[in-house]
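Comments concern the structure below.
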Amino acid sequence: MALKLVYEPLTIKGLEIRNRIARPAHGTMLSNYGAITDRLIDYHVARAKGGVGLSILEAATVHPSSVLSLSNMDDSVIGGYQKLMAAIRPHGMRVFQQIWHGGHIYPVMDQSPPWGASAVPNPATGIVPNPMGIAEIEEVIAAFAASARRCREGGIDGVEIHASHGYLIMQFLNKLTNQRTDRYGGSLENRMRFLREIMHAVRAEVGSDYPVGMRVSVSTGAGGLDEDEINTVVRALRDEDFIDFLDVSYSDYYNFKFVAAMDQPMGYQLESSRKITAATPEVPRFVIGRFRTLDEAEQILRDGIADIVHMNRAHIADPDIVRKTQAGHPEQVRACIGCNQACWQATNLGYPMSCTINPAAGLEGTLSEDLVMPVETPGKVIVVGGGPGGMEAARIARLKGHEVILVEAGPSLGGQLVLARRAPFLHTIGDIAFWLEQEIYRLGVDVRTSNYWDADDVAAENPDHVVIATGAVPRDNGVQYRYPAEPVPGFDTARTVSAVELLASPQMDLGETAVVFDDVGHYEGLAATEYLLSKGLRVTFVTRFETVAPLLDSVTRVDPAFRRFAETGRFDLMIRSRILRLGNGVCEAQTLYEGQSRTIPADITVFINAKQPQRDVYDALREKGFVQGQNLTIVGDARAPRDLQFAIQEGHRLTRAMV
């Protein structure tokens, strides 16, 4: 598609934005529960350099009754804003600040009950909030206005009022969470009073020439806030000249869908969003929906659905999407795979944001690829293993100017991703393998597939550096972690396979019933289950954990998978369980809270435990005198079986540090 509209500027309240690509507010945990940090500044500067037109800073809490990683509660934030904008302005990106109160969704700093519109339980945790009195309402309104003033004084280009996703303002708007009988409850006119008063106070504080907008979304709770009510609210506020732009998202915590994983298609939010944007053509409208390329954004703009398209995780994965595409090299964009592992899930667990496929994300000050410089004396680097960790190691070594030979025993590159992408709804996980393969060929890495090299072969090349990325293989030993003394009785005689063998053998006769036993808690158990259900089998999932796949994000990866499993009518679950024995066509399993065991039909059992690292070449090279950390390193699953994030990060960081 010939790109045109994405590159056109847009003016909001006299402020020109250089193109139609924006990044929405999203938590990073780079601000350390308060002030703006150098790490947060580096993160946004990288996207400014990459060509983004507008970034909306992550939600800043305006009042002590709600906690978030960025704080705008006193004038100390102004200096941080000024430092941030001084770093960003030379690169042409505009910056808005989203201001926020979480209501009953987020905790209070002193651990007292959270504030809410009414004493309605939080749909995610069941916590009952303190219903706000008039004095508390007035206090929060004043806090929003003061927060907006600090944004303007700090040089931020505009503010966005967060009125979506089930947080405090939406709790007032939504009849499901607003059961008040005073002037802030009942009719929509009353329910929107809190938002109107916030907008009025903000506008009075920042003036009529400063961009002010808001973010909205429908409720996914039955009978909740819908598109028609949102349109009524938006038109009323627009008529009063309170909003200069409208940012449209989707859902709340009744059925969480405002962040989606790889199982959702591009534009999955648009069915709802376009009903709102169509009713407000007189203001610039933003939409979001897992967009990954400028072609997708161009189509949204051509269809008239929106005036700006948000690309969030896409720019976490690659900050240079606009720059690379505009230069005529969209194939060089590292596309987000939608795993939500190191961005969304990490921040929810309280860790700083990173990215499974972009090791520099969140660490741009030290790991930005702009900082990779050719070495003065290039050497020869041999990488053994062509999975994601090995390919990333080869890419980094080549960027530093070395001669690089990558050897892979198999006929193709990609490692375990070649198999993982065969599972239903996991196809985009393979995109990073495709990108890495393209890049190492483009950079001139000498790739040798179907080549098994032992330590003698490596040493014969007289390399300056060696990276071992030989991965790991299934143990096939039938041992459960909590019962390591012996394999499951019957493991050797029953029909058992690993997840790797299952996905590698599409013509395998599977039978009609299956057990998936998961002792690891990552994606393999879900992938095997989905694969078997897609083949028509009845599947029982057995795991020692209290939840399914605890190492994955529950709301965007596990819960949607469970909904799909339930729709088949052929799925059963046993948590906190062990396998007692395997027999001919059966599996005997027992939960920790039941005395008697269950006998489950199982024509095939997929047994998932930790893989065995393949370290033979590494160990043999050490015996030959190669020294770890000097001219030898080991990365990814060969070092210790974990997941894609660690394979790529170690391939990048350890190689970068060594060569």
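Read-outs throughout are calculated quantities, based only on the coordinates presented, and are distinct from any laboratory measurement. These numbers were taken from a predicted model, which means no experiment stands behind them. Cβ: placed from backbone, ideal geometry, glycine included. Neighbour counts: every protein chain shown.
Taking amide H atoms as placed 1.01 Å from N in the peptide plane, the amide H of L552 has no partner under 5 Å among residues 5 or more positions away or on other chains.
Using a Förster distance of 41 angstrom, determine the FRET efficiency expected from the C-beta separation of N190 and T591, and round it to 0.05. Before the final figure, lay out each step's value.
Values: r = 50 Å, r/R0 = 1.22.
Computed FRET efficiency for N190 and T591 comes out at 0.25.
Close amide H partners of Q98, meaning residues 5 or more places away or on another chain with modelled amide H under 5 Å apart, are L57, A60, E160. Sorted fewest first by neighbouring Cβ atoms within 10 angstrom, M1, M132 come out as M1, M132. Histogrammed with a bin width of 10 Å, the alpha carbon distances of region 250-364 distribute as 13, 40, 34, 12, 0 percent, first bin at zero.
As a size descriptor, the averaged projected area of the C-alpha convex hull of region 5-367 was calculated at 16.0 nm². Calculate for the chain the 222 nm mean residue ellipticity that helices alone would give, adding -39,500 (n - 2.57) per DSSP H run of length 4 or more and normalising by residue count, nearest 500 deg cm²/dmol. Counting only the DSSP helices, I get -9000 deg cm²/dmol. Across region 323-339, coupling constants 3J(HN,Hα) worked out from phi with the 6.51/-1.76/1.60 Karplus curve, θ = phi - 60°, read 4, 5, 5, 5, 7, x, 10, x, 5, 8, 6, 7, 7, 4, 9, x, 7 Hz, and Gly and Pro carry x. Remark: C-alpha extents of region 303-407 on the principal axes read 52, 38, 27 Å, sorted largest to smallest. Counted without the sites themselves, the longest stretch of the chain free of chymotrypsin sites (Phe, Trp or Tyr not before Pro) in a DSSP loop having at most 11 other beta carbon atoms within 10 Å is 1-451.
Starting from the Kirkwood Rh over alpha-carbon pairs, what translational D in µm² s⁻¹ does region 476-584 have by Stokes-Einstein at 25 °C and 0.890 mPa s?
Working: Rh = 14.4 Å.
The estimated diffusion coefficient comes to 170 µm²/s.
A Cα-only calculation for region 1-123 places Rg and Dmax at 16.9, 55 Å.
For region 3-44, the equivalent ellipsoid derived from the alpha-carbon gyration tensor has semi-axes of 29, 12, 9 Å in decreasing order. In this structure, the amide hydrogen of I600, modeled 1.01 Å from its nitrogen in the peptide plane, lies closer than 5 angstrom to those of C587, E588, A589, counting only residues at least 5 positions away or on a different chain.
With neighbour counts taken as other beta-carbon atoms within 10 Å, the residues R442, R215 rank, fewest first, as R442, R215. Of interest is the spacing of the C-alpha centroids, which for region 307-325 and region 215-278 amounts to 22 Å. Between region 446-497 and region 143-207, what is the C-alpha centre distance in whole Å? So the two Cα centres are separated by 57 Å. Karplus-derived 3J(HN,Hα) values for region 559-564, using 6.51 cos²θ - 1.76 cosθ + 1.60 with θ = phi - 60°, are 4, x, 5, 5, 4, 5 Hz; glycine and proline are entered as x.
How large is Rg/Rh for region 385-495, to two decimals, with Cα atoms and a Kirkwood Rh? Before the final figure, lay out each step's value.
Working: Rg = 17.7 Å, Rh = 16.1 Å.
For region 385-495, the value is 1.10.
Normalising by the residue count of region 1-53, find the relative contact order in percent from Cα pairs under 8 Å and 6+ residues apart. Provide the component values of the computation, followed by the final result.
Numbers: 37 pairs, mean separation 15.9, N = 53.
Contact order relative to length: 30 percent.
Here the Karplus relation 6.51 cos²θ - 1.76 cosθ + 1.60, evaluated at θ = phi - 60°, turns the backbone of region 519-526 into coupling constants of 10, 10, x, 10, 6, 4, x, 5 Hz, with x for every Gly and Pro. Taking 0.36 nm per residue of sequence separation and removing the Cα-Cα distance, the D464/E8 pair yields an extension gain of 159.2 nm. Restricting the calculation to Cα atoms, region 53-182 yields a radius of gyration followed by a Dmax of 15.6, 52 Å.
Rounded to the nearest angstrom and ordered from largest down, what semi-axes does the equivalent ellipsoid of region 592-652 get from its C-alpha gyration tensor (root of 5λ)? Walk me through the numbers on the way to the answer.
Working: eigenvalues 309, 39, 23 Å².
The three semi-axes for region 592-652 are 39, 14, 11 Å.
By the rule of a C-alpha distance below 23 Å, with chain neighbours fewer than 8 residues away ignored, the lysines paired with K624 are K380.
Computed over the alpha-carbon pairs of region 184-258, the distance histogram in 10 Å steps reads 18, 48, 29, 5 percent, short to long. Treating each Cα of region 470-536 as an identical point scatterer and summing with the Debye formula, the log10 of I(q)/I(0) at q = 0.17, 0.18, 0.25, 0.27 Å⁻¹ comes to -0.69, -0.77, -1.35, -1.46.
Sorted fewest first by neighbouring Cβ atoms within 10 angstrom, V555, V458, V516 come out as V555, V458, V516.
What does the convex hull of the Cα atoms of the chain come to per residue, in Å³, rounded to a whole number?
Roughly 170 Å³ of hull volume per residue.
Below 16 Å, Cα to Cα, which lysines can K4 reach? Residues fewer than 8 away in the same chain don't count. Leaving aside lysines fewer than 8 places away in the same chain, those within reach of K4 are K324.
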